[in-house]
Amino acid sequence: MPMAGAAGPTSPFGFLPDPTPPYGVVVAGGDLDEPALAREVARLARDASLCVAADGGLRLLRAVGLWPHVLVGDFDTLTAAEVEAARAAGVEVQTFPAAKDLTDAEIALDAARRRLGGAPLYLVGGVGDRVDHTLANLLLTARWGTEGRRLTVLSGPAHVRPLVAPGEVRFRGAPGQTVSLVPLTPRMTGVATEGLAYPLADATLAWGTAYTVSNALVGTEGAFRARTGIGLVVLQRRP
């Protein structure tokens, strides 16, 4: 079980509603050098029904005083001593070869899905200087959304959640906080906003355009809605 560690005050930044068990947390690599993200990880992992670390994601958990339930990967990032320390702490360790069909992050997500079924999952990290891994993880998030699986990405620069129509994505933050909708299908129709500086009502969006990039919260809560199509809502932490 994850061990409780000290966590700072809960940030108002993120998607709504707040997670309540059962839910799972998968911690991967990527751009994790963000104090607010570390606090969010501590809060989420402490109450998660299942916490899975993908290789180097273990280091972020250890930085906030936590152990995962499960550690998976080819361990090209962690040292043998780190892996053995996890095993000694009672963590279930699953080792995979470097030559494999799935990334460590996807292996970890699949492990969480098998154990938790349709419970919401949070992928921490997976966004960083490896553009290929970043794109693959974000598109995986969208694909899971179309299959009825709830997956949210939490990273240093931004949080990301798929908008699968018909539906909406709600979020909160500080007034002026940047939020974008990136279409992934040729068309998104019936796109509307709530609580944003540049309002939309029944708009049609085409993919490959930046029309809905860099909107901003007017107050502390807002939403994107759509009637058809798929997109990614990107709630930017940094300007």
Carbon plus sulfur, as percent of the 1.4 Å-probe accessible area of the chain, comes to 57
Charge dipole of the chain built from unit charges on the beta carbon (Lys, Arg +1; Asp, Glu -1), centred at mean Cα; most positive-end Cα among THR193, LEU102, GLY118 is THR193
Asserting the computed 222 nm helical MRE of the chain (DSSP H runs at least 4 long, -39500 (n - 2.57) per run, divided by residue count, to nearest 500) equals -7500 deg cm²/dmol
Hey, with R₀ at 22 Å, roughly what FRET efficiency would ARG59 and ALA174 work out to, going by the Cβ-Cβ distance, to 0.05?
0.15
Nearest 20 debye, what's the magnitude of the dipole of the chain about its Cα centre given +1 on Lys and Arg Cβ and -1 on Asp and Glu Cβ?
580
If you wrap a convex hull around the C-alpha atoms of the chain and split its volume per residue, what is the figure in Å³?
115
Quick check: net charge around GLY118, other residues with Cβ under 13 Å of its Cβ, Lys/Arg +1 and Asp/Glu -1?
+4
Which whole-number percentage describes the relative contact order of the range 139-212, with Cα contacts under 8 Å and a sequence gap of 6 or more?
20
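Arrange the residues LEU102, LEU60 by how much accessible surface each exposes, largest first, with a 1.4 angstrom probe.
Working: LEU102 65, LEU60 20 Å².
Of LEU102, LEU60, the descending order of accessible area is LEU102, LEU60.
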Contour excess over end-to-end distance, with Cα ends at ALA210 and ARG115 and 0.36 nm allotted per residue:
30.4 nm
DSSP beta bridges in the chain: the antiparallel percent, rounded to 5, is 65
What FRET efficiency do you get for ALA98 and ARG227 if R0 is 35 Å and r is their Cβ-Cβ distance, rounded to the nearest 0.05?
0.20
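Nearest 20 debye, what's the magnitude of the dipole of the range 159-239 about its Cα centre given +1 on Lys and Arg Cβ and -1 on Asp and Glu Cβ?
Details: 8 positive and 4 negative charges, 44 e Å.
Here the size comes out at about 200 debye.
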If you average the C-alpha positions of the range 194-211 and of the range 69-90 separately, how far apart do those two centres end up, in angstrom?
44
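Assuming a ≥ b ≥ c are the square roots of the Cα gyration tensor eigenvalues, decide whether the range 142-239 counts as rounded (a/c under 1.5), prolate (otherwise, with a/b larger than b/c) or oblate. Walk me through the intermediate numbers first.
Details: a/c = 1.63, a/b = 1.19, b/c = 1.37.
In terms of gyration-tensor shape, oblate.
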Take every DSSP beta bridge with both residues inside the range 40-172 and express the antiparallel ones as a percent of the total, to the nearest 5.
15
ALA80 and ASP18 label points (each 7 Å along its Cα→Cβ direction) are spaced in nm at 4.5
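What number, in nm² with one decimal, is the all-direction average of the projected area of the convex hull of the alpha-carbon atoms of the range 11-67? Numbers along the way, then the final one.
Details: hull surface 15.3 nm².
Here the figure is 3.8 nm², rounded to one decimal.
Could you provide, to the nearest whole Å², the per residue accessible area of the range 80-217 with probe 1.4 Å?
Details: 6510 Å² over 138 residues.
Per-residue value: 47 Å².
The values are calculated or read from the model by the stated rules, or taken from the named source; none is laboratory data. These numbers were taken from a predicted model, which means no experiment stands behind them. Every residue, glycine as well, gets a Cβ built from its backbone with ideal geometry; the counts of neighbours run over all protein chains shown. For the accessible areas, the whole protein counts, side chains as well, though only heavy atoms, and no ligand, DNA or RNA atoms are used. Shrake-Rupley method; radii C 1.70, N 1.55, O 1.52, S 1.80 Å.
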